[in-house]
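Working notes, structure below.
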Amino acid sequence: MLLQKILTGSFLICTGFLLVSCSKDYKPDFFNGEWLSDSLVTKDNDHWREFLHFENGQAARTTYWGKKYLLNKNLQIKGLEMYDRDKVLFQIKVLDSNKIIVEGKGYFGSFFRSDFQLDHMKKAISRAEETERQRKRLIGKWKTVDFKTISLSTNEEDALIIQSPEQRRIAGVPTNEITSVDFGYNMLLFHCNTRTIPFEYSAEPDTIEFRSGDVIYSLKFYFEKERLIIEYLTFRNILNSITLEKTQ
């Protein structure tokens, strides 16, 4: 009986402490910086991690996955509430200086403070917006119209190594066998002579990254008029390049 009373008392004290911490008046600059989700439940189930960016009373939400990379911007922080214009979108509960809970309609997120701090919110928003613009251009079906493999080194040994089949590949796929590439929101397909190879990717304004086994591949891409150029640089400074035209 005594043990039960002690446990009950401890629970009430902890609960009271949590309620006090959640109702405390936090200044907007308390949240400044980037916060990463470690638990996320949302009706928008096309992504599994989010990033919250705070800067002097404003907030933005981004992700590297899903149909959108920029989820919200120009949110206003008033006390422990996040507003989209005049509408309360989320409530914030502060667990400690490095842990918060964010809740809204059909939304629950647990976030911890990142080492990536202070005035980087505008950069994060700009990067997410540019990534979305570029990805919209990527999405679709592209056929190969040209490819090349060249050595960027003046080293004679590297000039010979370019003949090695292992250096004439993109993500383990022979460059000359890639006949077309399909891009979705987060999936790409390499169509080859005899097979189709899928990869799940994340994007940046000029880069695509995806994993094959234990290896993470990074492909550069850019547009020349209506054509798409994909480039992959091997560790021996050998450049594999594919030029594609959109068919759909």
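Observations
- Shown here for region 192-242: GluC sites (Glu not before Pro) in loop regions (DSSP other than H, G, I, E, B) with at most 13 other Cβ atoms within 10 Å, namely 226.
- Under the Karplus curve 6.51 cos²θ - 1.76 cosθ + 1.60, θ = phi - 60°, whole-Hz ³J(HN,Hα) for region 215-225, x wherever Gly or Pro sits: 9, 9, 9, 10, 10, 7, 9, 7, 10, 10, 6
- Among the trypsin sites (Lys or Arg not before Pro) in region 164-205, those placed in a DSSP loop whose Cβ has at most 10 other Cβ atoms within 10 Å are 195.
- Near residue 90, the amide H atoms lying under 5 Å from its own belong to 82; only residues 5 or more places off or on other chains count, and H is placed 1.01 Å from N.
- Whether the chain is rounded, prolate or oblate, judged on the alpha carbon gyration tensor where a/c under 1.5 counts as rounded: prolate
- Surface per residue (accessible, 1.4 Å probe) for the chain, Å²: 59 Å²
- Region 177-234 and region 45-61 have Cα centres lying 27 Å from one another.
- Area of residue 120 that stays accessible when all protein chains are in place (1.4 Å probe, Å², to 10): 50 Å²
- Distant-in-sequence amide H partners of residue 44 (H built 1.01 Å from N, under 5 Å): none
- For the chain, the Cβ-based charge dipole about the Cα centre amounts to some 800 debye (Lys, Arg positive; Asp, Glu negative; other atoms uncharged).
- A simple rule links phi to the HN-Hα coupling: the Karplus curve 6.51 cos²θ - 1.76 cosθ + 1.60 with θ = phi - 60°, which for region 76-93 gives 9, 9, 10, x, 10, 10, 10, 10, 9, 6, 9, 9, 6, 9, 9, 10, 10, 10 Hz, with x for Gly and Pro.
- The heavy atoms of residue 204 present about 70 square angstrom of accessible area, all protein chains included, probe 1.4 Å.
- Backbone phi angles across region 137-153, fed through the Karplus curve with coefficients 6.51, -1.76 and 1.60 (θ = phi - 60°), yield HN-Hα couplings of 6, 5, 4, x, 10, 10, 9, 6, 10, 6, 8, 7, 10, 9, 8, 8, 9 Hz in residue order; Gly and Pro are listed as x.
The values are calculated or read from the model by the stated rules, or taken from the named source; none is laboratory data. Since this is a predicted model, take the numbers as computed values, not measurements. As a convention, Cβ positions derive from the backbone with ideal geometry for all residues, glycine included, and neighbour counts pool all protein chains shown. SASA here: full protein model, heavy atoms, side chains in, ligands and nucleic acids out. Shrake-Rupley method; radii C 1.70, N 1.55, O 1.52, S 1.80 Å.
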